[in-house]
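Any read-out appearing in this document is the output of simple, stated calculations on the displayed coordinates, not a laboratory observation. Everything numeric here is computed off the predicted structure, so don't read it as measured data. Cβ coordinates were reconstructed from backbone atoms using ideal geometry, including for glycine residues, and neighbour counts include every protein chain displayed.
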Amino acid sequence: SQTIHQWPATLVQPVGSPLSLECTVEGTSNPNLYWYRQAAGRGLQLLFYSVGIGQISSEVPQNLSASRPQDRQFILSSKKLLLSDSGFYLCAWSVRTGRYGYTFGSGTRLTVV
Amino acid sequence: QQQVKQSPQSLIVQKGGISIINCAYENTAFDYFPWYQQFPGKGPALLIAIRPDVSEKKEGRFTISFNKSAKQFSLHIMDSQPGDSATYFCAASSSGTYKYIFGTGTRLKVLA
């Protein structure tokens, strides 16, 4: 069966520090991968999505970047965190063909102080 | 045109009652409409989904009603239970795209 792993679960980082969040998927090949951010009590904002290794589409201009160095690995990064980067970050995957919805990871709660 | 409008923002229902959450869209190219359930501190989980070739889909106590002409769809939770207390998101996507457009979420509280 397919599983998605996201870590760390919580993170407290100072303003100006770098960020690296990792997401991996097991049990499937060629998934579509997504990074979402959810502000407290708010909806889901799509940040990046990827349909293949090295292919990244950015939805919102911001202080973050994403990379996909391997088929089932998706990384969210920042060189210098801002207070406004705080939030709940969710990785998700979906099959490449057909329509079966997303499967989300358990999320990373990031607090920038 | 890419938006999905969800209402209400919050909902309080008595145990055993019916919870109804509504979503509306403009893009007639949307052809897949999932609902997600999210508990605090967790990622959203796919609850139920519908395609526009049917007007209703039922899974247990959860039913999606779909009105293609009105471009609206809704989630009905029958016999609502305290364990259903969560945030619910509707979403929509169209063939050939890789993205889902999410509604803003409804926070449901079921009173015991």
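Under 15 Å from a point placed 7 Å out from the Cα of B:Lys5 along the Cα-to-Cβ direction: which residues of region B:61-75 have their backbone N that close? Correct set: B:70-74. Compared with the alpha-carbon gap, the fully stretched path from B:Arg107 to B:Ala70 is longer by 10.9 nm at 0.36 nm per residue. Please report the spacing between the Cα centers of region B:1-53 and region A:51-113 in Å, no decimals. A separation of 23 Å, based on Cα centres.
On the beta carbon distance between A:Leu83 and A:Trp7, with R0 = 30 Å, the FRET formula returns roughly 0.85.
For an R0 of 22 angstrom, estimate the FRET efficiency from the Cβ-Cβ distance between A:Gln55 and B:Lys42 and round to the nearest 0.05. In this case the efficiency is close to 0.15. Put a plus charge on the Cβ of each Lys and Arg, a minus charge on the Cβ of each Asp and Glu, and nothing anywhere else: the dipole of region A:11-96 about its Cα centre is then about 120 debye.
Extension gain, A:Ser106-A:Asn30: 0.36 nm per intervening residue step, less the Cα-Cα distance, totals 25.3 nm.
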